[in-house]
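Below: one structure, written as structure tokens.
The values are calculated or read from the model by the stated rules, or taken from the named source; none is laboratory data. Model, not experiment: these values are computed from the prediction. Methodologically, a virtual Cβ is constructed for each residue, glycine included, from the backbone with ideal geometry; neighbour enumeration extends over all protein chains shown. Only protein heavy atoms, including side chains, enter the accessible area calculation; ligands, DNA and RNA are left aside. Shrake-Rupley method; radii C 1.70, N 1.55, O 1.52, S 1.80 Å.
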Amino acid sequence: MRSERARHNKIIFSGTVGAGKSTAINALSDIPTVSTEAVASDDTARLKRTTTVAMDYGVLNLPSGEKVMLYGTPGQERFSFMWDILSEGGIGLILLINNANTAPLKDLEGYLAAFKQFISGTAVAIGVTHMDRAPEPALDAYRSHLIALGITPLPAVFRADARKREDVAMLVKALLYTLNPGLSDA
Amino acid sequence: MTPSKAAPPTSGTCALHLLHVGSMDARLIGLSIERHWTRAVHLVDTLEEAHVVLVDCDRPGIETALERLAGNPRIGIVYYAFHPRDHASRFHPRPVLGKPLNLESLPLTLAQARADASRLIAAAPPRAPTARQPPPHPHTAPHQPPPMPPAPQGHSLMGEDERDFCGAMDDIPAAQGGALPDKLFFDPDDYLVGRLHKALAQAGASGRPHVIAGLQRLIGIQSRPQPVCVTAFRENQLRPLAMTQLPEATGRIVSTPIIDDATNSLVHFAAEDFLWNAAAWAARGRLPSGTNPYLPVRLRAWPNFTSACVSPHALRIAALWTRVPASPVDIATRLGIPHRYVFSVYSAAHFANLLDTSFQPEQTAAASPPAPPMPERQARPSILSRILRKLRDAV
């Protein structure tokens, strides 16, 4: 694991199309998010009118004057070449999975594989969105799938509403404590 | 000063005024009176109507409450505190009860305090409990105490005092040996969580919904397709209900063919989250009876902290306990926190079915090198800590 000093102050948000990455960054950011969205041109168009084609960018302004950048990766897999570039030097990954997709557990598996190297040096916290209208698979199914994939220690998996700042903040807090349970916020 | 208008202390039910009591305790006591003590105690809104008052010694502003009592020597006073011995000499001969209040015995204590107050009046001239009584102004109306602000309804769980959530129990010995204090444990059968746990098991076994009958509002459990709890209670009502000891006859578990939501007023919760919360609220830093706090266990998964209540240090505890099997005492030691915070998480995880004992002995914390980094000792907090501090108020 790299030292904290070696990392950039950035947290990566990734996940499936329509999972709420842009919304989550917007909920947490202290600035209006910079988003490079465009009219969706492929299968994504069935799911949402616009989608992120480059990245979303938000900022957490710390009281000390430092900034923590919040980067959202494009959801479409054809832009996956950007994921490594964006995540380079990041603190950790917030992975959002849209539970209303047809195979969310497969989505989870795919994203964990894509970010395997990054996660192995940092940590991941998983937010499952849209569970209000698609309650299955339930959180226990996600946990079982993570165990089957050999992901240890088991990351935090929360039901999340990307519009709620407190849900997004809870995911980030879980990420930080996963990196170091001895952290103090005082 | 306005003289007390209380009825003669030997007749009728005891008029109780919650003079200096937190909103959560007020709701707990109110529910208990409503359900079980209507023949013994009734709540009154003003000091002047009261036979007895309750005073929480740990709440800020107690001096103001004492000043108000100074003008009402006929009123019995029952104090309570996390550390009653610290206050006993100051308030002698009034009783100072320990927290959490034993609601079973409280009516008797109130009646005793009422009787004692009348004896004190007969034996001695009125005297102020502790504080100096402000002199009455000769040309003004009798002193009227300022109105107390209404208790907040629906306050945030995270805003509660840590002690309200996890009690104030001292740590137990770091190593096993000797008897543990009884107050370390609670019997889940006395609380809502015990009923819920049984109802969930019965619903799972039978495949039929079950309800907890005899409560003011509906609580039902369905095991399929996903285990859920449905209820007409609002969250700010659920917490005091979960903290209250239920009589045996209250909260019977009944099978039902369907949970009727004709009024569309029922709220659905994942059973895991619902039981986590009910258990954490009942536990208040204690362990379910029969628990060995020196036995290693592991959290098989993080609880769903976007719905499950987050007791103090719960995130840190979950982060560590999902990595390494360890006893509750070991976890507290490794994180450098009081045992009660870990006991609270243990109790909640037990009833949410998130504890795992199926691991090899060599995997335990005692057998493995320290897995997580130790608490920070740096002069300047790390960037992770600084982010946490920024997010602290976001939840």
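List of remarks:
- Count - residues of segment A:129-158 that are touching a residue at least 40 places away in the same chain (Cβ under 8 Å) and either within 8 Å of chain B (Cβ to nearest Cβ) or surrounded by fewer than 19 Cβ atoms within 10 Å (Cβ to Cβ) (or both): 2
- Every residue from segment A:177-186 that is at the interface with chain B (Cβ under 7 Å from one of its Cβ atoms) and open to solvent by 20 Å² or more (accessible area, probe 1.4 Å): A:Thr178, A:Ser184, A:Asp185
- Per-region count, segment A:161-176, residues open to solvent by less than 10 Å² (accessible area, probe 1.4 Å), farther than 10 Å from B:Leu391 by Cα and facing another protein chain (nearest Cβ under 7 Å): 2
- Qualifying residue in segment A:98-114 (condition: crowded, with 19+ Cβ neighbours inside 10 Å, among the basic types (Lys, Arg), more than 15 Å from the chain's Cα centre (by Cα) and not in a loop (DSSP other than H, G, I, E, B)): no
- Residue check for B:Thr256: open to solvent by 10 Å² or more (accessible area, probe 1.4 Å) and more than 30 Å from B:Gly30 (Cβ to Cβ): no
- Exactly one residue among B:Ala352, B:Ala348, B:Ala301 is within 26 Å of the chain's Cα centre (by Cα), within 10 Å of chain A (Cβ to nearest Cβ) and modelled with pLDDT of 95 or more, and that residue is B:Ala301.
- Within segment B:188-232, the set of residues being within 18 Å of B:Leu266 (Cα to Cα), hydrophobic (A, V, I, L, M, F, W, C) and open to solvent by 10 Å² or more (accessible area, probe 1.4 Å) comprises B:Leu200, B:Val211, B:Ala213, B:Leu215, B:Leu218, B:Val228, B:Ala232.
- Qualifying strands (runs of 3 or more DSSP E) (wholly inside segment B:6-79; at least 2 residues being closer than 23 Å to B:Thr250 by Cβ and open to solvent by 40 Å² or more (accessible area, probe 1.4 Å)): B:41-43
- Condition met for A:Phe115 (touching a strand residue (DSSP E or B) at 6+ places or on another chain (Cβ under 7 Å) and more than 9 Å from chain B (Cβ to nearest Cβ)): yes
- Single residue of segment B:308-324 satisfying the filter (part of a loop (DSSP other than H, G, I, E, B) and at pLDDT 95 or above) that is surrounded by the fewest Cβ atoms within 10 Å (Cβ to Cβ): B:Thr322
- Boolean, A:Gly92 is more than 16 Å from A:Leu176 (Cα to Cα), surrounded by 21 or more Cβ atoms within 10 Å (Cβ to Cβ) and not aromatic (Phe, Trp, Tyr): no
- Filtered by the rule that a residue be of a type in the set (A, V, I, L, M, F, W, C) and at pLDDT below 80, segment B:13-44 gives B:Met24, B:Leu28, B:Leu31, B:Trp37.
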